[in-house]
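Before any comments, here is the structure.
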Amino acid sequence: MVSAGASSLASPDLSTRVGPLRLQNPILTASGTFGYGLEFAERADLHRLGGLVTKGLSLEPLAGNPPVRIAETRGGMLNSIGLQNIGVDRFLSDVLPGLKDLPPKVIVNLFGYAQDEYVRLAERVDPYEGVAAVELNVSCPNVSKGGIEFGHDPDVLSGLVRRVRSATGKPIVVKLSPNVTSPQTLGRAAQEGGADILSAVNTFVGMAIDTATKRPVLSTIRGGLSGPAIKPLALRIVFDVAREVDLPVIGIGGIETVDDVMEFLLAGASAVQVGTALFRDPRTAERLVDGLRARLRAEGVPSVDSLIGAAARPG
Amino acid sequence: MAAVDSRGEVLDVQALPLPYFLLRARVAGMDPAEPGQFVMVAGANRPEPYLRRAFSVYDQEPGSDGSLVISLLGKVIGRGTEALAECVPGERIPVLGPLGTGFHSVADGASTSGRAALVAGGIGSAGLGLLAHALERAGRSFDFFYGGRSAEDLVEAETFRRLSERTGGRLVRTTEDGSAGERGLITTPLEAGLRAGTGYTTVFTCGPHGLMAAVARIAAAAGIAGEAATETPMGCGYGACLGCAVTLKNGGYALCCRQGPVFRLEEVAW
């Protein structure tokens, strides 16, 4: 327990260190839920975020999957966007200049169909100071090849991370798939390859069927489930990964309330990414920054640091 | 034009009767919508459904203190629309808008001459409300083709009759059961009208996908330009989730919420 004291009157310290990254607060936006960042400038106060993770970028622009791409389910949604994106070059030339001087750290999510593509992507972004870290998407459930294969085989994953490691000095975040028996095994593999940070988790593979047409709702049949429905599942994985892998973890999965943020921190996450909740309310992330500060102050908790992993320590 | 994300105060919800309803809400700081634009809305304080729903702005008028009073014409088809139909006056509901790209030929000020044909299928009339008002104000003549399964599906027929008649046009109705207007599909009188060379220069449509696809074919055959207000499932309404892809004839995809919801008829791979 953290005791309330004189510090309860001071403003709590929201800053957090996630491996080599120092963030002004632990609230980031998740890849694929915040565009490239600038789209949100008129709907959200970007300055107040701890960081933002871009939509997954590939070497060439991708058109994405045919409709129907999304389906709402109880407490969440399925998506099968298919990594539609503008390509890394356009991001670096057109978008990054508008983001790089903002306080939130910019983490660039990278996606390839082959190991070599990840390496080339990492080389491409490496010279840009505005890129604080790269997040490797090795767990997208919505593309037929590449991506997910790298995230499901420990040997392949450690080899991939090792190659990316040699291509960039930027901190490497590896985004883990929940669709494996033991995410912590993949987390260890990422660590062996030289990853600095793990983010957990990507979406859970699911599906929905239209009872009127008697056909799957999504054009790709399967999609990734996100939203509040997955929070307890994601939390369990973050807890296990944080305990069993000696790397900082960024928690992701259905986060919408201050309580959700606290749970992920207590489970061992050093920061969190907010995703689907942004669709419901574009200001969710900044609301969580304010809410977390108020909550820590009310409880007399001096810093975010003191919460991290507290639930895993012997009571 | 910036969209506001605001709490709208529900003024009233009229059953037309159900499953159709007309919800009016006062939204502080919201800019007027262009014809064809939409808002993302949800019921008050409801955890479910999780995502907001896209609604065309059907009508609007200035409210007190710089607010905007918007009217949303809807049909209860699921949890999201039900949540809105069940709103009570005084409740505060999230409203994000106006969003999307409306009818280009209105925004551009182009094609303002000649008669227009507005073609609605059922609740698709909601997407043509502001357009009908704009044409009427601009003094441009239009006929309103309104098709539905049954008479109760032609929910705002009298409004569109009044507006079209003020422009020297008329309301043409069809129902599949013959309970109002001619029995059959609305594309039959539309096709006859466009063939007859009655001076139509533009077709605007909103309704089920099959209707809009048919209107696109008929308009192309008649050599008449047109636009459609499309609808897809939407996650966010403002371009973040990339969930609302519309397939274009050129093989690419456009986002319904940003490049749309209004597209030129010939752009879309129907």
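The values are calculated or read from the model by the stated rules, or taken from the named source; none is laboratory data. Fair warning: this is a prediction, and the values are worked out from it, not measured in the lab. Positions of Cβ are generated from backbone atoms using ideal geometry, with glycine treated the same way; all protein chains shown enter the neighbour counts.
Values as computed for the structure displayed
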| item | result |
| --- | --- |
| Residue selected from region A:74-119 under the condition more than 17 Å from the chain's Cα centre (by Cα) and of a type in the set (Phe, Trp, Tyr), by the criterion surrounded by the fewest Cβ atoms within 10 Å (Cβ to Cβ) | A:Tyr113 |
| Pair list, Cβ < 6 Å and 6+ apart or interchain, from region B:38-66 residues that are without any contact (Cβ under 8 Å) to a residue 24 or more places away in the chain to residues that are among the hydrophobic types (A, V, I, L, M, F, W, C) | B:Glu61/B:Val69 |
| Check on A:Val106, in contact with a helix residue (DSSP H, G or I) (Cβ under 6 Å, 6 or more places away or on another chain), outside any strand (DSSP E or B) and of a type in the set (Val, Ile, Thr) | no |
| Yes/no for B:Val262 being modelled with pLDDT of 95 or more, outside any loop (DSSP other than H, G, I, E, B), of a type in the set (A, V, I, L, M) and more than 30 Å from A:Asp281 (Cβ to Cβ) | no |
| Strands (runs of 3 or more DSSP E) wholly inside region B:27-106 containing at least 2 residues that are within 14 Å of chain A (Cβ to nearest Cβ), under 18 Å from B:Gly239 (Cβ atoms) and touching a Phe, Trp or Tyr at 6+ places or on another chain (Cβ under 8 Å) | B:38-41, B:92-99 |
| Filter pass, B:Arg140 being modelled with pLDDT of 95 or more, farther than 27 Å from B:Ser67 by Cα and over 16 Å from the mean Cα position of the chain (by Cα) | no |
| Tabulated pairs, region A:213-238, first within 14 Å of chain B (Cβ to nearest Cβ), second surrounded by fewer than 15 Cβ atoms within 10 Å (Cβ to Cβ), C-beta under 6 angstrom, 6+ apart or interchain | A:Pro216/A:Ile209; A:Val217/A:Asp210 |
| Residue that is nearest to the chain's Cα centre (by Cα), among those in region B:247-258 that are facing chain A (nearest Cβ under 7 Å) and surrounded by fewer than 22 Cβ atoms within 10 Å (Cβ to Cβ) | B:Thr247 |
| Per-region count, region A:75-86, residues at the interface with another protein chain (Cβ under 7 Å from one of its Cβ atoms) and of a type outside the set (Val, Ile, Thr) | 5 |
| Unmet requirement for A:Asn65, which otherwise passes all of (1) part of a loop (DSSP other than H, G, I, E, B); (2) within 14 Å of chain B (Cβ to nearest Cβ); (3) surrounded by fewer than 21 Cβ atoms within 10 Å (Cβ to Cβ) | (3) |
| Selected residue (only one of B:Gly235, B:Gly210, B:Gly197, B:Gly169 is free of Cβ contacts under 8 Å to residues at least 12 places away in the same chain, in a loop (DSSP other than H, G, I, E, B) and not hydroxyl-bearing (Ser, Thr, Tyr)) | B:Gly197 |
| Pick from region A:130-158, criterion modelled with pLDDT of 65 or more and of a type in the set (S, T, N, Q), ranking: nearest to the chain's Cα centre (by Cα) | A:Asn137 |
| In region A:42-60, residue farthest from A:Val289 (Cα to Cα) [restricted to those that are more than 17 Å from the chain's Cα centre (by Cα) and at the interface with chain B (Cβ under 10 Å from one of its Cβ atoms)] | A:Glu42 |
| Number of the condition not met by A:Val301 [criteria: (1) part of a loop (DSSP other than H, G, I, E, B); (2) under 24 Å from A:Glu135 (Cα atoms); (3) hydrophobic (A, V, I, L, M, F, W, C)] | (2) |
| Qualifying residue in region B:222-231 (condition: of a type outside the set (A, V, I, L, M, F, W, C), out of contact with any Gly (no Cβ under 9 Å at 6 or more places or on another chain), within 11 Å of another protein chain (Cβ to nearest Cβ) and assigned to a loop (DSSP other than H, G, I, E, B)) | no |
| Test: residue in region A:163-170 that is buried (at least 24 other Cβ atoms within 10 Å of the Cβ) and over 16 Å from the mean Cα position of the chain (by Cα) | yes |
| Residue match in region A:73-83 (condition: within 21 Å of A:Ala133 (Cα to Cα) and either modelled with pLDDT under 95 or in a helix (DSSP H, G or I) (or both)) | yes |
| Failed item in (1) surrounded by fewer than 24 Cβ atoms within 10 Å (Cβ to Cβ); (2) under 19 Å from the mean Cα position of the chain (by Cα); (3) farther than 20 Å from B:Val4 by Cα, with B:Val69 passing the rest | (3) |
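Listed here are the residues, each with its yes/no results for (1) closer than 24 Å to A:Thr54 by Cβ; (2) of a type in the set (D, E, K, R); (3) surrounded by fewer than 19 Cβ atoms within 10 Å (Cβ to Cβ).
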| position | (1), (2), (3) |
| --- | --- |
| A:Thr211 | no, no, yes |
| A:Ser219 | no, no, yes |
| A:Ile230 | yes, no, no |
| A:Phe239 | no, no, no |
| A:Gly254 | yes, no, no |
| A:Val272 | yes, no, no |
| A:Ala277 | yes, no, no |
| A:Ser306 | no, no, yes |
| A:Ala311 | no, no, yes |
